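Read the structure below first, then the notes.
The values are calculated or read from the model by the stated rules, or taken from the named source; none is laboratory data. From a predicted model like this one, the values you see are computed outputs, not experimental measurements. In this analysis, Cβ positions are derived from the backbone assuming ideal geometry, glycine residues included, and neighbour counts consider all displayed protein chains. Heads up: the accessible areas ignore ligands, DNA and RNA and are worked out on the full protein's heavy atoms, side chains in. Shrake-Rupley method; radii C 1.70, N 1.55, O 1.52, S 1.80 Å.
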Amino acid sequence: MLFAVHLFSFGVFCFFLWKIGDSFVNSMVEKVRESLKVIFEQVGYLIYYHRNMKTLLTEIEKLGIIKKDVEHSVLEAQNNGKRIGDGVYSWLKTVDRINEEVKMLEDEATLNKSWLNGWCPDLISRYSLSWEAKKKTQDVIELQRDNTRYILADFESRRKVMVEIMAAPKDDSINAIGMCGLGGVGKTTKSWQLSRMTKGTEALMFGDDQQCKEGATKGTADSASIAPTWNYDVFLSTFRGKDTRNNFTDRLYRALVRGGIRTFRDVNQLRKGDEAISSYLLEGIERSRVSVLVFSENYADSTWCLDELVKILECKTKVGQTVLPVFYDVSPSDVRKQMGSFGEAFSKLKERFKWEIDGGGRVERWRAALTEAATLSGWDLHDAAKGHESKFIQQIVEEISIKLNHKYFSIATYPVGIDSKAEHLNGLLKIDSNVVLTIGICGISGIGKTTIAKAVYNLAFLKFDGSSFLHDVRKAAKRPDGLVQLQKQLLYDILLKEKVEIRSVDIGINLIKYKLCHKRVLLVLDDVDHLDQLNALVGEHNWFGLGSRIIITTINEDLLKVLQVDEMYSVPELRRDESLQLFSWHAFQQDHPIEDYNEISNDIVGYAGGLPLALEVLGRSLSNEASMALWIHALENLKNTPNDDILNILRISFDGLNDDGQKNVFLDIACYFIGMDKDYVLRILNDCGFSSEAAIHVLTERHLLTIDKNNKLKMHDLLRDMGREIILEESPNNPGERSRLWFHEDVNEVLTKHSGTGEVEGIVLDFLIVKDLHFSAEAFAKMHKLRLLHLDSVDLTGDYEHISGELRWLCWHRFPLKFIPTRFHLENLVALDMCYSSLTQIWKETRVLYKLKFLNVSHSHCLMKTPDFKGLPSLEKLLLEDCISLVEVHPSIGNLSKLVFLNLKDCKNLVNLPRSIYTLTSLENLDLSGCSNISLSESLGRSSYSIPRGLPTSLSNCMYLTELCLRDCNLVDAIPSDIGSLSTLKILDLRGNNFICLPDTMTRLSKLRTLLLSTCTRLQLLPELPENLSCLLADNCWSLERLPDVSNSQTRPSFMLGSCCSLVEIQVLDKLESLDALEMGHCNKLAHTFRKTGFLQELFERCMSGYLLPATDIPGWFSYQSLGSSIAFVVPHHVIIQGLTLGILYSSNTAFTGIYSYFEVVVTDKTKSLKWTPPINVEIPLTREPHLLVGFIPHSSLGNQLEGGDELEVSIGEDSLVVKKCGIRWVYEQGVKVPCSNDQQAVIQYTSPLYGHVAVAPEDDRYGDGYVQGLEAGPSRDAASSSSATLCYSTP
């Protein structure tokens, strides 16, 4: 109407102008025409825009319905264990993107509202928006068409199979039904139909081929009832109004989704009038495991909500759905009684339905439903979190996850050994701490780092504001813009916003810091292999809010050290029993091997070496092999050709090495040096041109190599096989063209056919595999790069000149010649090892070998003299052990200024030593044990002692000597006082000699840690011992009468005094606060000491590691006691266990002086079906007299897996010993109080020599006697006041 008025006025104005003049009128008409054109164009734009937008919104709604159907199909497929094609996920992701873009169009349309009450905003902008809407409509329609390939299926082609399946329950011979197939083909639907047919009887349902096969092997024994299939975890029912929908409900929904909880929420707009609840929504309710009802002030104003409520409670009754109410700003009482503002809304609703047919009945159903729902256990905002919405939501999500037993990640089909590791790592997270912590998980590929990280993530992710698990960072970072995509993924996971624009890594870093600096997040970076990845994702702690936790898994430990992580966890290999269990699950679908397969299963488990990946792969590969012969054949094949699936994973670590030098060092060790001394190998490989020290460091940091406590190089067998497989790839069909040869058949072929080439750098041929082989030296002629050669019992004929002069390592055991040929080029040799050779002399004339550092000719029984050492200026180690024909050591040995190790052990015919040997200023280790014919005093310059067999006084010149071994050297009468001048000595071995005493100067040996005096049968007295002595081994010193005062000791020493039958006085316990271990078997003259009141209790407090004494019974302070060799008991609740003390009363049917044995202890957790064999490292003398062994078993040796209520059994075994009685006593952390009988509380606090501060809480106050002729074993009040123990009682 307004527009018509404007047109009429305009017409009048035009008529007036026409009257003025034609020219002017024509001009004005033209202008008006242009104006009208613009007006009508803009009106057209507006109409066109609204039409396109309406079409777009209609199509997007249709697409939303289709998307729900696709999601249902996907969920069904996932529930059945099937992988979903990438196309489905791509389609769903595209739908989400289109939805987001449409929402942006709508948002843009609401901007710049102007005239006509906002109906017609900026018209020009609507032109471009209109085209965008049209384009999006086309995209939506195309997506609808694409959908047919995912959710439509031809059921006609499967009708025959389905008929057979439905007929199966009627066949009595069938007790298990398995269904497998692609996701979405109808397995779940048929399982529902089957469940209705079986009416509660047992049936089986499986999701894929492997599961069906496993189910078939189990039969009815493992059958389980078919339960309802839930498509959703939670149905979220809430009032669709302003009071909750746009704030609390949205945040609750996002929190549930972030927690990995599949949540159904109606996303449609407000319903009109009393529109009936849709079938789509009814299905959502029926297929949800839990329904969450959000009651708000206006909830009762919506018939839609009330109909949902009735349906939800119906499902609660019929299918056992869990219903959880949430009371948001409304009282549960008001909901139950329909009172207050909630009641007012319900009253209005009641009036609306007053005159409708069945209106009253409908209202009553609503009233009953409200009353029932309000009585259910749920959450009240004001009570649960004192009105704090964020904490309230977190509490709801956590409790729902607990009820669902929800895990964000699926961990493993058989998670053997995972739970204990995850719990340990979860403890390192220190969830309650408010600081930002970074935890590193490192280990070899395939050891389970990712699996453990997932398990920890499941335990902790709900406790954070947001969380993200970035899988396989190493691989993802290599893709185009890989780091940028990872940054986007991190922000999306935590912020739950897909549209994050990041154009560069630097921008991403700033966004992460800006967006997350106030959020408490859990972030897992899986398989990181480069520092750039860490810098881009978790550069510094201040990027994240207080209390955040960052977990990093990597094979490269160096990265964690550079990042300075707060905690580092190196994943250990599975124990043998865990390995067998995991393998058995995959091979036999049970936790142990089937009959007749135990031995071969153990062989395979041994091959896998505790690597979970290998155990799983091998178990699955053998699960279908029916015969033992096939298993044996498969094991033999594994030894020759390792499994590719395993090697490909392990090779990731090798391929990640930075340079060829590191790779060459790894390959050399894998082929030749496993089990050898690290320093020995370093010297050899350094001279090969490698930076071997740096390389070995990198290899250990990447867990490709380990170094044991004896400095030996160790490598997992599968890593060794992986390295050797890499060598085989160099030339699969021609071994002569490979760089390294180790397989005896390949070496035999190359040396026989003379097919070796210039590619060969190393060869090993061991006689234990191939015997009596003879080759020509000419076979080595072409191998001019040969640097590593290991032969055993090999006879080479011809000219040795053909062997490469590049040799750095020559190990030739059982060398057949009497001397090394002159034409054998050894100029570059670093190590020469010719043990067990036929050499009479090493070479005839003096050889000049400037690089030679190691010379070992031990066990060469024909060797009569050493070479002239003038040509070996770099020699560091000389080993001549067991050269029984050796009569002469060349005097030039004194020129070896770099010699640190000299071994002349058991050179029984060696009579004289050159004087120069004691001028070796660098010498650290000298072993003369077993050289019983050396006239030491005659061969040394300073013979101030007249004893024919005595210690050389000039040893004082060896100022760096750290270890001196003179065992069985027939030393008599006394040891000269000059020994006190060896100020650097750490180990002194004098066992098996005949001296009577040691000099008082022994106390000057300030660095002496170990003194070995066993079987010095004439030794009567010991002087004051050095203060740093940690081990005194003096067993079978039959004449020893007393031990000296050791009150000045600065350590917790061990005293091994077994069979010191003359020992009548021991001041150790009176002066020392603590001991490491004490062994006094057969010390029968000390019985009076044992009878002292409180002695044994005090001894237990001071000597935690263990002791052994003559005894007649187990002390009463052992809480659990049992006759025989086994004992059963239950782990107490509410304590932190440090370990347990084991008491064993035993004797032997026969007695053998000087013969010792060890107990084998087995601890079985019957509750968890776990078993351990912790070591009790105390030697047990074989004696007919009863003895008591007390040993400590730390909780760590039981995997830290004991929990309150676990039923345990400890059994002790040893064929040569009889266990009369055993006892157990718990050891708890300091200050723990455990209820005692008679309502007492008792805590004994002390310091363990091995395990720090601990406390022993006795469970009763009865201390039995009967210990060595009835002596009392209980604690005395004197003991309570001593400095070594505090005994406190408090009686209520």
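The table for this structure:
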read-out: Pair list, Cβ < 7 Å and 6+ apart or interchain, from region 527-540 residues that are closer than 18 Å to residue 555 by Cβ and open to solvent by 20 Å² or more (accessible area, probe 1.4 Å) to residues that are acidic (Asp, Glu) and outside any helix (DSSP H, G or I); value: 527/472
read-out: Residue tally, condition in a helix (DSSP H, G or I) and not charged (D, E, K, R), over region 678-730; value: 21
read-out: Condition met for residue 851 (open to solvent by 40 Å² or more (accessible area, probe 1.4 Å) and not in a loop (DSSP other than H, G, I, E, B)); value: no
read-out: Test: residue in region 809-822 that is closer than 25 Å to residue 688 by Cβ, open to solvent by less than 10 Å² (accessible area, probe 1.4 Å), hydrophobic (A, V, I, L, M, F, W, C) and out of contact with any Asp or Glu (no Cβ under 9 Å at 6 or more places or on another chain); value: yes
read-out: Cβ pairs under 6 Å, 6+ apart, first in region 321-346 and part of a helix (DSSP H, G or I), second of a type in the set (Phe, Trp, Tyr); value: 334/342; 335/295; 335/342
read-out: Breaking point among (1) in a loop (DSSP other than H, G, I, E, B); (2) open to solvent by 70 Å² or more (accessible area, probe 1.4 Å); (3) within 30 Å of residue 434 (Cβ to Cβ), for residue 596; value: (3)
read-out: Output for region 1163-1206, where each listed residue is open to solvent by less than 30 Å² (accessible area, probe 1.4 Å) and more than 21 Å from residue 1136 (Cα to Cα); value: 1176, 1178, 1180, 1181, 1182, 1183, 1187, 1188, 1189, 1190
read-out: Verdict on residue 632 being under 29 Å from residue 691 (Cβ atoms), open to solvent by 20 Å² or more (accessible area, probe 1.4 Å) and either among the hydroxyl-bearing types (Ser, Thr, Tyr) or part of a helix (DSSP H, G or I) (or both); value: no
read-out: Listing of helices (runs of 4 or more DSSP H) fully contained in region 372-449 that carry 2 or more residues being at pLDDT 85 or above and surrounded by 14 or more Cβ atoms within 10 Å (Cβ to Cβ); value: 418-429
read-out: Residues satisfying the stated conditions in region 256-302, i.e. open to solvent by less than 10 Å² (accessible area, probe 1.4 Å), modelled with pLDDT under 80 and within 22 Å of residue 332 (Cβ to Cβ); value: 299, 300
read-out: Where residue 675 falls short, out of the listed (1) in a loop (DSSP other than H, G, I, E, B); (2) surrounded by 19 or more Cβ atoms within 10 Å (Cβ to Cβ); value: (2)
read-out: Pairs, first closer than 17 Å to residue 646 by Cβ and in contact (Cβ under 8 Å) with a residue 60 or more places away in the chain in region 702-722, second assigned to a helix (DSSP H, G or I) and open to solvent by 20 Å² or more (accessible area, probe 1.4 Å), C-beta under 6 Å, six or more apart; value: 722/651
read-out: Members of region 306-348 found to be touching a strand residue (DSSP E or B) at 6+ places or on another chain (Cβ under 7 Å) and either on the phi > 0 side of the Ramachandran plot or open to solvent by 50 Å² or more (accessible area, probe 1.4 Å) (or both), listed by number; value: 316, 322
read-out: Candidate set from region 781-799 (those that are touching a residue at least 24 places away in the same chain (Cβ under 8 Å) and either more than 19 Å from residue 741 (Cβ to Cβ) or among the basic types (Lys, Arg) (or both)); member that is least open to solvent (accessible area, probe 1.4 Å); value: 787
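Residue-by-condition table, conditions (1) within 20 Å of residue 397 (Cα to Cα); (2) charged (D, E, K, R); (3) open to solvent by less than 30 Å² (accessible area, probe 1.4 Å):
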| position | (1), (2), (3) |
| --- | --- |
| 465 | yes, yes, no |
| 470 | no, no, yes |
| 473 | no, no, yes |
| 482 | no, no, yes |
| 494 | yes, no, yes |
| 501 | no, yes, no |
